[in-house]
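J.: Okay, here's the structure, questions in a sec.
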Amino acid sequence: MRAAVLVKPGQFELRDVPVPKPAAHEVLIRISRTGICGTDLHIFHGNYAANALPMIPGHELTGHIAVMGEGVAGLHEGQPVVVDMNIGCTRCYWCRRDEVLNCPDMQQIGITMDGAFAEFVSVPARLAIPAPAHVPDDILALTEPLSCVVRAARKSGVTFGQSALVIGAGPIGNLHVQLLRTIGVAPIIVTDLSADRVQMALDCGADVGVSDPTQLAAAVHEATDGRGADLVIESVGNAALYQVALGLIVANKRYVRSM
């Protein structure tokens, strides 16, 4: 199969590599679509997972089951699926609590092991999630980033009628805005240095948009009658913004780091 192999930071090579053979309780997936995540950019620039190179990146994937390994049940060849890219041991304290990211033996498809910038990838069958056949591949490939957003909402306990500030209006920030809108959060305030991204967030359901950092505090106070936001979501990944977030939240409320 053809695969994009990141051989060192800043250098991909398009190679012919063997098609993975699914082991017992694994499935081989023919890739239909793979998203490019901000994490992929960090890996490309050598700022993350550099010790895993050379590697085939790609973890926001969807495709169809091509081959089923021994012992796989509940799935069938040709079935459209999305994939949970976090592989835990399933036995440790953290896995039993569904906190797989804390598993000491965790592996991540496309980050610590070969991923989906290829024609095929083999994954544990338990992590291949059946997907509706009528949903387009480009939408299904958003499942993984959206799952991060859903997890943040669940951990924060956010509910209708609360106010929220989303710092960063990139793809993840925009997904936060859309999910918060469906939950009934109001007002939703979003800020980003890009006026275009702020406008996209407004088009997707935000109530207030700010692209000038010097105006952010005033905008939050005005939108919340001086109380501050009930929830602040930092979706940039910039530690300098954590203090900004803490300064704009209602006292004794929650702060959630998005990624």
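The values are calculated or read from the model by the stated rules, or taken from the named source; none is laboratory data. These figures come from a predicted structure and were not determined experimentally. Cβ placement follows ideal geometry from the backbone for every residue including glycine, while neighbour counts extend to all protein chains displayed. Heads up: the accessible areas ignore ligands, DNA and RNA and are worked out on the full protein's heavy atoms, side chains in. Shrake-Rupley method; radii C 1.70, N 1.55, O 1.52, S 1.80 Å.
J.: Criterion first (more than 23 Å from residue 151 (Cβ to Cβ) and surrounded by 21 or more Cβ atoms within 10 Å (Cβ to Cβ)) does residue 65 satisfy it?
T.: yes
J.: Go through segment 81-91 and count every residue that is open to solvent by 30 Å² or more (accessible area, probe 1.4 Å) and either part of a loop (DSSP other than H, G, I, E, B) or farther than 23 Å from residue 146 by Cα (or both).
T.: Within segment 81-91, residues that are open to solvent by 30 Å² or more (accessible area, probe 1.4 Å) and either part of a loop (DSSP other than H, G, I, E, B) or farther than 23 Å from residue 146 by Cα (or both) number 3.
J.: Part of a loop (DSSP other than H, G, I, E, B) and either without any contact (Cβ under 8 Å) to a residue 24 or more places away in the chain or open to solvent by 60 Å² or more (accessible area, probe 1.4 Å) (or both), is that true of residue 133?
T.: Criteria met by residue 133.
J.: If you don't mind, another one. Filter segment 44-62 down to residues that are surrounded by 16 or more Cβ atoms within 10 Å (Cβ to Cβ), at pLDDT 95 or above and not β-branched (Val, Ile, Thr), then give me how many there are.
T.: 7
J.: Here's another thing I want to ask about it. Using the structure shown, decide if residue 78 is open to solvent by less than 50 Å² (accessible area, probe 1.4 Å), farther than 20 Å from residue 144 by Cβ, without any contact (Cβ under 8 Å) to a residue 40 or more places away in the chain and touching a strand residue (DSSP E or B) at 6+ places or on another chain (Cβ under 8 Å).
T.: yes
J.: Using the structure shown, decide if residue 105 is in a loop (DSSP other than H, G, I, E, B), at pLDDT below 95, acidic (Asp, Glu) and open to solvent by 60 Å² or more (accessible area, probe 1.4 Å).
T.: Numbers: in a loop (DSSP other than H, G, I, E, B): yes; at pLDDT below 95: no; acidic (Asp, Glu): yes; open to solvent by 60 Å² or more (accessible area, probe 1.4 Å): yes.
For residue 105, the condition - in a loop (DSSP other than H, G, I, E, B), at pLDDT below 95, acidic (Asp, Glu) and open to solvent by 60 Å² or more (accessible area, probe 1.4 Å) - is not met.
J.: Related question: Considering only segment 92-102, state which residues are of a type in the set (A, V, I, L, M, F, W, C) and open to solvent by 50 Å² or more (accessible area, probe 1.4 Å).
T.: We begin by selecting, within segment 92-102, every residue of a type in the set (A, V, I, L, M, F, W, C); these are 92, 94-95, 100-101.
Selection gives 94, 101.
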